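K.L.:
Sending over a structure as structure tokens; questions will come in a sec.
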Amino acid sequence: DAGITQSPRHKVTETGTPVTLRCHQTENHRYMYWYRQDPGHGLRLIHYSYGVKDTDKGEVSDGYSVSRSKTEDFLLTLESATSSQTSVYFCAISPQGAATEAFFGQGTRLTVV
Amino acid sequence: QKEVEQDPGPLSVPEGAIVSLNCTYSNSAFQYFMWYRQYSRKGPELLMYTYSSGNKEDGRFTAQVDKSSKYISLFIRDSQPSDSATYLCAMTQGAQKLVFGQGTRLTINP
């Protein structure tokens, strides 16, 4: 397995609470991504990073923020969780961007009640 | 309309059959085409990678890209129960964003 660790693996939280998901890599890859996966939608990009402190929005970024203060860590924060953010969240890394292989973590199953 | 369309299935075939999985897309700028395989409760993993048009073969798997029709395919020969998974097509212009289809759930029956 590529050296990617997502934490936590499962979380149940209440509507309106902030939630932070962590992605940690040991591969020193430049690019890191956060996706969500929902039935009928496949994988949708939330945010991505192309370097320390360099981030950009994906197609479903509303309600989410990210931070990358170190090469190895990429944090995804739900500022005020809503039921529509119940999903499986995947972190991915790649050495040279979207045209190269992306390595995915095991996923975080988030339920907002 | 989604940039990438993929029939979600489910698709169920007997062991040994040839499987054909397909995606269509609308963005003519896409140049890099990939197929990812995802087992239940796991992250996706890259299966096939193709640049521009043409065919690529790797063992029992063949990927085809027809840019004129904006259509890509993945063929699995001599399918095995271990091939049962969700298959996601993905594509990009080569910039920062990879766009995925919604995935096709495939079951190979022994």
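K.L.:
Mind checking which strands (runs of 3 or more DSSP E) fall wholly inside region B:45-110 and carry at least 3 residues that are more than 14 Å from every other protein chain (Cβ to nearest Cβ) and touching a residue at least 12 places away in the same chain (Cβ under 8 Å)?
P.N.:
Working: elements: B:45-51, B:54-58, B:61-66, B:71-76, B:85-92, B:104-109.
Here the list reads B:61-66, B:71-76, B:104-109.
K.L.:
Can you tell me which of A:101, A:72 is closer than 15 Å to residue A:22 by Cβ and surrounded by fewer than 20 Cβ atoms within 10 Å (Cβ to Cβ)?
P.N.:
A:72
K.L.:
Being of a type in the set (Val, Ile, Thr) and part of a strand (DSSP E or B) is the requirement here; does residue A:60 meet it?
P.N.:
no
K.L.:
For the condition farther than 29 Å from residue A:3 by Cβ, surrounded by 19 or more Cβ atoms within 10 Å (Cβ to Cβ), at pLDDT 95 or above and not basic (Lys, Arg), what is the one hit in B:18, B:72?
P.N.:
Details: B:18 fails: surrounded by 19 or more Cβ atoms within 10 Å (Cβ to Cβ).
One residue alone meets the criteria, B:72.
K.L.:
Among the residues of region A:65-113, which ones are of a type in the set (D, E, K, R), within 14 Å of another protein chain (Cβ to nearest Cβ) and in a loop (DSSP other than H, G, I, E, B)?
P.N.:
A:101
K.L.:
So in region B:21-32, with the set limited to residues that are modelled with pLDDT under 95 and within 14 Å of chain A (Cβ to nearest Cβ), which one is farthest from the chain's Cα centre (by Cα)?
P.N.:
B:29
K.L.:
In addition: Looking at A:102, A:98, can you tell me which residue is over 15 Å from the mean Cα position of the chain (by Cα) and of a type in the set (Gly, Ala, Ser)?
P.N.:
Among A:102, A:98, only A:98 is over 15 Å from the mean Cα position of the chain (by Cα) and of a type in the set (Gly, Ala, Ser).
K.L.:
Determine, yes or no, whether residue A:16 is assigned to a loop (DSSP other than H, G, I, E, B), modelled with pLDDT under 95 and not hydroxyl-bearing (Ser, Thr, Tyr).
P.N.:
No; evaluated as a whole, the condition is false for this residue.
K.L.:
From the list A:87, A:67, A:80, exactly one residue is small (Gly, Ala, Ser), crowded, with 19+ Cβ neighbours inside 10 Å and modelled with pLDDT of 95 or more. Which is it?
P.N.:
Exactly one residue qualifies, and that residue is A:87.
K.L.:
Right, residue A:50: in contact with a strand residue (DSSP E or B) (Cβ under 8 Å, 6 or more places away or on another chain), of a type in the set (Ser, Thr, Tyr), more than 22 Å from residue B:41 (Cα to Cα) and modelled with pLDDT under 95 or not?
P.N.:
So residue A:50 passes the test.
K.L.:
Take the residues in region A:1-54 that are among the aliphatic types (A, V, I, L, M) and out of contact with any Leu (no Cβ under 6 Å at 6 or more places or on another chain), then tell me which one is nearest to the other protein chains (Cβ to nearest Cβ).
P.N.:
Within region A:1-54, the match that is nearest to the other protein chains (Cβ to nearest Cβ) is A:43.
The values are calculated or read from the model by the stated rules, or taken from the named source; none is laboratory data. Computed from a predicted model, the values in this text were never measured in an experiment. Cβ atoms come from the backbone with ideal geometry, glycine included; neighbour counts cover every protein chain shown.
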